[in-house]
Amino acid sequence: MASFVAGPYSPGVIAEGKFLFISGQGPYCSQSHRFIRGTVAEQTRLTLKNLQAVLSEAGLTASQVVTCKVYLQQLTESSFQQMNEAYADFFGSHKPARTTVGCQLLNIDVEVDAIAAL
């Protein structure tokens with residue numbers, strides 16, 4: 001997988017020909033080669049665009065995602081609502097299982113990892 005990688009890991013790994021495990025994606029802009037610090041909604045949209053890029057490289061779509069973990073730098077009602085609206089727009093009627101947690105992130109406010117079925 002050739003998507004953005006900032007460390008010694010793969011953006012996605014296919015396991016046993018059944019699942020694609022997608023590493024945590026953040027609001028990285030491939031054109032400017034940097035992370036974007038906008039609103040939580042903006043960061044979530046860009047993060048999910050990056051998740052889609054990894055899915056696409058494997059020939060998959062968002063409808064094949066079975067679970068996501070969402071990490072928010074500041075887990076507040078406002079940040080959750082902004083993330084949730086962008087997330088709902090991305091997945092539409094498809095509703096993968098999801099966990100959302102507050103955590104400490106470096107220079108970003110949103111990170112999402114996922115597992116997709118092949």
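For Thr100, what residues show an amide H to amide H distance below 5 Å, using hydrogens built from the backbone and excluding near sequence neighbours?
Val70
In the chain, what percentage of the DSSP-assigned beta bridges are antiparallel, given to the nearest 5?
On the way: 18 of 24 bridges.
Percent antiparallel among DSSP bridges in the chain is about 75.
Arranged from highest to lowest average of other beta-carbon atoms within 10 Å per residue, in what order do the peptides 96-106, 56-66 appear? Each step should come with its number before you reach the end.
On the way: 96-106: 11.8, 56-66: 15.5.
So the peptides 96-106, 56-66, ranked by packing, come out 56-66, 96-106.
Residue by residue through segment 50-56, what is 3J(HN,Hα) from phi via Karplus (6.51 cos²θ - 1.76 cosθ + 1.60, θ = phi - 60°)? Round to whole Hz and write x for glycine and proline.
5, 4, 4, 4, 5, 4, 4
Check Ala58: other-chain or 5+ apart residues with amide H under 5 Å from its amide H, H built from backbone geometry?
Sorted by chain and number, the residues that satisfy this come to none at all.
List the residues whose amide H sits under 5 Å from the amide H of Cys29, counting only those 5 or more places along or on another chain, with H placed 1.01 Å from N in the peptide plane.
Arg34, Phe35, Ile36
Using a simple charge model, +1 on the beta-carbon of Lys and Arg, -1 on the beta-carbon of Asp and Glu, nothing else, what dipole does segment 1-68 show about its Cα centre, in debye to the nearest 20?
Details: 5 positive and 3 negative charges, 39 e Å.
The dipole magnitude comes to about 180 debye.
Could you please rank Glu77, Glu85, Glu111, placing first whichever residue has the fewest other Cβ atoms within 10 Å of its Cβ?
On the way: Glu77 7, Glu85 14, Glu111 21.
Going from least to most buried by this count: Glu77, Glu85, Glu111.
Could you give the size of the charge dipole of segment 12-117 about its Cα centre, using +1 on the Cβ of each K and R and -1 on the Cβ of each D and E, expressed in debye and rounded to the nearest 20?
Details: 8 positive and 9 negative charges, 18 e Å.
It comes to approximately 80 debye.
Given only helices, namely DSSP H runs of n ≥ 4 each adding -39500 (n - 2.57), what is the per-residue ellipticity at 222 nm of the chain, to the nearest 500 deg cm²/dmol? Walk me through the intermediate numbers first.
On the way: 2 runs with 33 residues, N = 118.
After summing the helix terms and dividing by residue count, I get -9500 deg cm²/dmol.
Can you figure out the FRET efficiency of Leu106 with Thr67, using R₀ = 22 Å and their beta-carbon distance, to the nearest 0.05? All intermediate terms of the calculation are to be shown ahead of the outcome.
Working: r = 24 Å, r/R0 = 1.09.
That pair, Leu106 with Thr67, gives E of 0.35.
Counting other beta carbons within 10 Å of each Cβ, put Ser10, Ser32, Ser79, Ser23 in order, fewest first.
Working: Ser10 13, Ser32 8, Ser79 21, Ser23 18.
Fewest-to-most ranking of Ser10, Ser32, Ser79, Ser23: Ser32, Ser10, Ser23, Ser79.
Taking only Cα atoms, what is the 0 to 90° angle, nearest 10, from helix 77-91's long axis to the longest principal axis of the chain?
So the helix axis and the longest Cα principal axis differ by about 30 degrees.
Taking square-rooted eigenvalues a ≥ b ≥ c of the alpha carbon gyration tensor, is segment 12-117 rounded, prolate or oblate, where a/c under 1.5 means rounded and, failing that, a/b exceeding b/c means prolate?
Numbers: a/c = 1.75, a/b = 1.39, b/c = 1.26.
Prolate is the answer for segment 12-117, as a/c is 1.5 or above and a/b outweighs b/c.
Each value in this text was obtained by applying a stated rule to the coordinates, not by laboratory testing. Everything quoted here is computed from the prediction, not taken from an experiment. FYI the Cβ positions are ideal-geometry reconstructions off the backbone, even for glycines, and counts take in every protein chain you see.
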